[in-house]
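Working notes for the structure below.
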Amino acid sequence: MTDPTTEPMLEVTDVVHKYGTVTALSNVSLSAQKGEFLTILGSSGSGKTTMLRVISGLETPYSVKRLRIGGEDVTDVPAAKRRCTTVFQNYALFPHMSVLENVAYGLRIRKVNATDAAAQARRALAMVQLEAKADRSIRQLSGGERQRVALARAVVTRPLVLLLDEPLGALDERLRQDMQLELMELQRKLDMTFVYITHSQEEALTMSDRVVLMRHGKIEQSGRPLDLFDRPQTRFAADFMGYENILPGRLIERDATLGLVELAGGTRVRGTLTNAALQTGDAVNLALRAERIGAVAAGAEGLDGTLSSKVYRGKYTDMLVETPAGQLRLRSWHGAPGETETLHRLGWKVEDAVIFAADGT
Amino acid sequence: MTDATAAHAAHTRREISYSPAWKALGKWAGYLMLALIYFPLLWLVLLSISRDPLSGIPGPFSLQHYRALFASDAWHMPMLASVVIGLIVGLISAVTATIIGRAVPTMKRPGQVLLMFVLPLFVPGMSMGAALFIFGRSVLGLDLGFWSIAVGHYVWAFPYALLIVLVVTLRFDRTLIEAGRDLGASDWQVFRDIEFPILMPGIVSAGLFGFLMSFNEVMRTIFLRGTDETMPVWNWIQAAAQQSQVPIIFSLSSIILLITLPLLSAVFWLLFVRLNRT
């Protein structure tokens with residue numbers, strides 16, 4: 001037995017799952033430490049929900065090399081006996097039970113006596129600020145309140161791993177941001193391992209210790225939120241993380257971290273390499289965020305360009321600029337210095353331009 | 001005919017189709033229909049408390065036929081038979097409709113199977129009765145009686161019970177089952193604590209409806225009864241016989257009406273009012 005403090009709370013190795021002839025997961029592996037907030041990010045059909053269902057036991061995988069929760073092999077353990085619980089996307093609250101009965105259900109199943117169960121359920125409800133509504137029926141709750149009940153119901157049994165399946169998807173913008181902060185606080189307080197599924201890069205970046213980006217049943221890239229945000233390693237990752245400008249080119253020179261790329265039109269610009277394996281001569285993409293591009297003096301490194309359209313969007317202004325390397329999107333905060341300057345040449349910090357292999361997609 | 005007169009004729013035709021009379025016609029046809037349904041029932045109840053019901057005119061009023069009804073025991077056996085058969089059919093319909101009704105939503109293509117199950121609704125009672133008669137009597141060589149009546153009633157009542165259970169099973173959210181398992185409940189606990197309480201209004205309605213279908217059945221019973229009598233069959237024989245017994249039939253029918261109407265109301269309340277609250 002290894003040291004329990006370093007043993008991952010959740011360990012999944014080489015899971016393969018198929019729906020008929022469609023492969024939903026192909027050899028996906030991931031692990032999470034105690035108290036870690038792990039987010040699985042992906043669009044619909046990426047396999048993220050299937051992954052969650054495999055972990056919870058609601059889906060039996062086609063094959064898996066290793067599936068452990070809290071160090072215990074759960075490959076053949078049914079969902080009911082696994083020490084993890086799920087917060088479902090539609091909450092899946094029991095409509096015929098009161099709020100308190102919903103929260104206490106897991107305890108009742110574990111044969112906790114009624115008084116203790118009620119007390120523990122009330123404490124869990126207090127944790128999500130819903131103690132006052134313990135005796136309400138589910139129908140009388142708003143979407144945000146249902147969300148909290150689902151959360152309280154899932155954590156009251158003290159699972160080792162809490163699985164959350166796009167829990168904030170149905171809430172409005174404002175409530176979602178509040179709930180994000182609350183979830184982070186709750187997770188820290190409980191020191192529980194959270195595995196969080198979302199398609200929103202904003203949620204992933206805000207809450208996670210680590211993000212796993214999935215695509216077509218495989219892991220595209222994983223790492224700390226900043227790694228994904230600033231160092232995408234593929235075109236898909238760059239697109240998904242919101243890079244507005246992705247320019248094709250060829251790598252003509254490189255050192256340890258920086259590369260020189262020749263873009264269409266012959267302009268050569270420098271950027272940061274996100275993959276050490278890139279070699280001189282490789283077809284690459286150079287990606288830039290719209291808000292990290294600005295006007296620079298003539299002669300400085302960058303691209304010449306002429307403004308072709310300008311759209312005021314309230315907090316910021318979006319601009320389209322024609323350059324020899326193609327059209328670039330720019331975004332400047334409304335009221336920022338230099339907003340009214342005319343653009344002749346565009347530049348950026350070398351660490352804001354990322355270079356990765358052009359993978360043809 | 002000139003173009004102008006043709007246009008005018010079309011115009012008048014359109015006016016007829018827009019006439020408010022259509023709306024009024026719908027309304028009055030509806031009232032007429034309701035009268036046709038409820039007036040004879042009301043008349044029956046009035047005649048049952050009249051001294052001379054065979055005259056067809058209510059009054060002078062008296063409860064003498066009810067007294068005669070309760071003094072006689074001729075109708076006890078048929079009534080008992082109908083109630084017991086109805087209870088058995090209702091119970092078995094509810095249980096089997098629940099088992100099958102739960103399985104239907106998980107099927108990939110439930111349409112054809114469902115059609116097969118509800119087809120007995122459209123098979124003429126005479127054909128079904130005759131078929132079961134030949135099958136039980138000649139093929140299996142059974143003595144006909146209460147059990148064959150019960151089987152005939154069950155075949156008749158089951159499609160209704162299934163349709164009623166489907167109302168609740170088709171809208172049952174199956175993620176609740178997953179939520180239950182996820183929280184640690186065994187499949188039996190999930191059924192007992194979550195699925196059954198939510199499906200319950202439908203299951204009880206199916207049982208009540210099964211009881212009523214059986215209690216009212218005549219056509220199949222005639223073929224399958226052997227020498228036994230159920231309540232409606234006994235009523236029919238009495239009424240046809242033109243005996244002095246006839247007035248108490250009016251009383252008995254009234255009592256049955258007063259029992260079955262609230263039962264039916266209960267079914268619809270359970271199905272459509274209570275269900276919408278959960």
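The values are calculated or read from the model by the stated rules, or taken from the named source; none is laboratory data. What you see is a predicted model; the values in this text were computed from it and never measured. Counting neighbours? That spans all protein chains shown, and the Cβs are built from the backbone with ideal geometry, glycine included.
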Exception for B:Ile99 within (1) of a type in the set (A, V, I, L, M); (2) surrounded by fewer than 16 Cβ atoms within 10 Å (Cβ to Cβ); (3) in contact (Cβ under 8 Å) with a residue 12 or more places away in the chain falls at (3)
Do any residues in the stretch A:23-37 that are at pLDDT below 95 have Cβ atoms under 6 Å from those of residues that are basic (Lys, Arg) and part of a strand (DSSP E or B), where the two are at least six apart or on different chains, and which pairs are they? A:Ser26/A:Lys218
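Please find, within the stretch B:108-149, the residue that is farthest from B:Val165 (Cα to Cα) out of those that are of a type in the set (Phe, Trp, Tyr) and surrounded by 15 or more Cβ atoms within 10 Å (Cβ to Cβ).
Per the stated criteria, the residue is B:Phe133.
Matching residues to (1) buried (at least 19 other Cβ atoms within 10 Å of the Cβ); (2) closer than 18 Å to B:His76 by Cα; (3) modelled with pLDDT of 85 or more; (4) more than 18 Å from the chain's Cα centre (by Cα):
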residue	(1), (2), (3), (4)
B:Ser205	yes, no, yes, no
B:Phe215	yes, yes, yes, no
B:Pro247	yes, yes, no, yes
B:Ile255	no, yes, yes, no
B:Phe268	no, no, no, no
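This table checks each residue for (1) part of a strand (DSSP E or B); (2) under 17 Å from A:Val212 (Cα atoms); (3) within 17 Å of the chain's Cα centre (by Cα).
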{"position": "A:Glu11", "(1), (2), (3)": "yes, yes, no"}
{"position": "A:Val15", "(1), (2), (3)": "yes, yes, no"}
{"position": "A:Asn27", "(1), (2), (3)": "yes, yes, no"}
{"position": "A:Thr39", "(1), (2), (3)": "yes, yes, yes"}
{"position": "A:Ser46", "(1), (2), (3)": "no, yes, yes"}
{"position": "A:Thr50", "(1), (2), (3)": "no, yes, yes"}
{"position": "A:Val54", "(1), (2), (3)": "no, yes, no"}
Does any residue of the stretch A:72-80 turn out to be in contact with a Ser or Thr (Cβ under 7 Å, 6 or more places away or on another chain) and assigned by TED's automatic domain parsing to the domain that holds A:Ala204? yes
For B:Thr96, work out the one condition from (1) assigned to a helix (DSSP H, G or I); (2) more than 14 Å from B:Ala157 (Cβ to Cβ) it doesn't fulfil. (2)
Flag if A:Gln89 is in a loop (DSSP other than H, G, I, E, B), touching a Gly at 6+ places or on another chain (Cβ under 7 Å), assigned by TED's automatic domain parsing to the domain that holds A:Thr193 and not β-branched (Val, Ile, Thr): yes
For B:Leu80, are the conditions met, namely being part of a helix (DSSP H, G or I) and over 19 Å from B:Phe211 (Cβ atoms)? no
Would you confirm whether or not the stretch A:349-359 contains a residue that is aromatic (Phe, Trp, Tyr), in a loop (DSSP other than H, G, I, E, B) and modelled with pLDDT of 90 or more? no
Restricting the stretch A:55-100 to residues that are hydroxyl-bearing (Ser, Thr, Tyr) and away from chain B (no Cβ under 14 Å), the one farthest from A:Ala32 (Cα to Cα) turns out to be A:Tyr62
How about the stretch A:175-210: which of its residues are among the acidic types (Asp, Glu) and assigned to a helix (DSSP H, G or I)? A:Asp178, A:Glu182, A:Glu185, A:Glu202, A:Glu203
Looking at A:Leu163 and the list (1) away from chain B (no Cβ under 14 Å); (2) modelled with pLDDT of 95 or more; (3) over 12 Å from the mean Cα position of the chain (by Cα), which single condition is not satisfied? (1)
Residue under question is A:Ser46, and the condition is that it be crowded, with 16+ Cβ neighbours inside 10 Å, of a type in the set (S, T, N, Q), within 13 Å of chain B (Cβ to nearest Cβ) and in contact with a strand residue (DSSP E or B) (Cβ under 8 Å, 6 or more places away or on another chain); does it hold? no
Those residues of the stretch A:110-144 which are within 14 Å of chain B (Cβ to nearest Cβ) and without any contact (Cβ under 8 Å) to a residue 12 or more places away in the chain amount to A:Lys111, A:Val112, A:Gln140
Hits in the stretch A:265-292 - residues which are surrounded by 13 or more Cβ atoms within 10 Å (Cβ to Cβ) and under 12 Å from A:Arg231 (Cβ atoms): A:Gly271, A:Thr272, A:Leu273, A:Thr274, A:Asn275, A:Ala287
Looking at the structure I just gave you, is A:Ala126 exposed (fewer than 15 other Cβ atoms within 10 Å of the Cβ), among the hydrophobic types (A, V, I, L, M, F, W, C) and assigned by TED's automatic domain parsing to the domain that holds A:Pro167? yes
What are the residues in the stretch B:176-192 that are crowded, with 20+ Cβ neighbours inside 10 Å and more than 7 Å from chain A (Cβ to nearest Cβ), if any? B:Gly180, B:Val190
Somewhere in the stretch A:34-42, is a residue more than 14 Å from chain B (Cβ to nearest Cβ), over 30 Å from A:Phe236 (Cβ atoms) and surrounded by 15 or more Cβ atoms within 10 Å (Cβ to Cβ)? yes
